[in-house]
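Take a look at the structure below.
Each value in this text was obtained by applying a stated rule to the coordinates, not by laboratory testing. All values reported here derive from a predicted model rather than from experimental measurement. FYI the Cβ positions are ideal-geometry reconstructions off the backbone, even for glycines, and counts take in every protein chain you see.
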Amino acid sequence: MEFGYYGNFNMDWSTETYIADALERAGHIVYRMDRNDTFLIDCDYILFAKLFKIDIILKARKQGIPTISWTFDPYRTYLGYNFPHLKADIVITTDGDDKYYTIRQGVHKPEKIIIEGKKIYDVIFVGAQWYKLRKKMIKRVKPEIITNTRGLTLNKILGQTKIAIGDSYPGSNYWSNRIYEMTGRGGFFIHNKVEGFPDYIPQFEYGKEKEIIEYYLEYEEGREELRKIQFERCPTYDDRIKELIKLLEILGEEK
């Protein structure tokens, strides 16, 4: 298949780059376009995550090219449904919205490796502190804060860490790609309770983080065993592309 992919390809670590790479590894052709470009590529599908104008959807529809929005943020939870990319022919989200199709995130397959190291951190948090529940959690736990760290450098830090703690913006059946970035790069990960969350990752209630942290700091053998399970069960974007192609095949048969 040929995909015209409109997204952010300026960074090696963007989700769009990971997906485009995975599509190409699966044998598909990907035309990487800037997300703001309105030039229509002649292809089998137009793919994008976020659009701020509906132009490319209208052009593709006029030419009979199906459009796919595969978005990774819970827009419907805090901003509603009125976004151009949600007007695509096929809308895929990561939060299990019954109105749309669901394909979760993953980890970049070439970087799904464990880099073991001497444990120098008890607890870390990777990312930004941008909403109240997270800020309060970090204030209680006082983890080492890791920011602007990606790729195999993050794998190395996770190999030096006993516990990585994380949470996701409150939303029904939604969690961020942090779960896959932590577990797929070799970290032992705990997360706040979310409906539908993978059962191989320990969950905590806000305000009770220290109980689970103290348990796993003490229970090293169990922690290391579960860390390996988390790593093994973490999907890659190559796995997610298989889900995407299967979905497109099913939808094609239904026409």
The chain: relative contact order as a whole-number percent, Cα under 8 Å and 6+ apart: 17
Violating pairs (Cα-Cα greater than 19 angstrom) within the set 109/193; 112/193; 139/210; 119/228; 112/242; 62/87: 109/193; 112/193
Separation in nanometres of the label points that stand 7 Å from Cα toward Cβ, at residue 99 and residue 193: 2.8
Order of 130, 13, 175 - criterion: other Cβ atoms within 10 Å of each residue's Cβ, fewest first: 130, 13, 175
Length added when fully stretched, residue 217-residue 250, from 0.36 nm per residue minus Cα-Cα: 7.3 nm
Gain upon complete extension [residue 1, residue 210; 0.36 nm per residue less C-alpha separation]: 70.3 nm
Theoretical ellipticity at 222 nm over the chain - DSSP helices of four or more residues, -39500 (n - 2.57) apiece, nearest 500: -10500 deg cm²/dmol
Alpha-carbon centroid distance for the pair region 112-126 / region 166-219, whole angstrom: 16
Mean separation of Cα contacts under 8 Å (6+ apart) over length of region 109-233, as relative contact order %: 26
Identified option (computed semi-axes √(5λ) of the Cα gyration tensor in Å; candidates (i) 49, 19, 14; (ii) 38, 19, 14; (iii) 35, 19, 16): (iii)
Spin-label zone in region 154-198 - amide nitrogen under 18 Å from a point set 7 Å from the Cα of residue 113 along the C-beta vector: 154-161, 181-187
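For a test of the definition: using alpha carbon positions, the gyration tensor, and the 1.5 limit on a/c, classify region 134-195 as rounded, prolate or oblate.
In terms of gyration-tensor shape, oblate.
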Fewest-first sequence of 11, 1, 137, 182 by Cβ atoms within 10 Å of each Cβ: 11, 1, 137, 182
Virtual spin-label span in nm between residue 141 and residue 32, 7 Å along Cα→Cβ: 3.3
Under-5 Å amide H pairs with residue 115, H placed in peptide plane, nonlocal only: 159
Net length gained if the chain between residue 14 and residue 121 were fully extended (0.36 nm per residue, minus Cα distance): 35.8 nm
The chain: most fluctuating residue of 51, 158, 133 per GNM, C-alpha cutoff 10 Å: 133
Backbone HN-Hα couplings from phi across region 219-232 [Karplus 6.51/-1.76/1.60, Hz, Gly and Pro as x]: 8, 4, 4, x, 4, 5, 5, 5, 4, 5, 5, 4, 5, 5
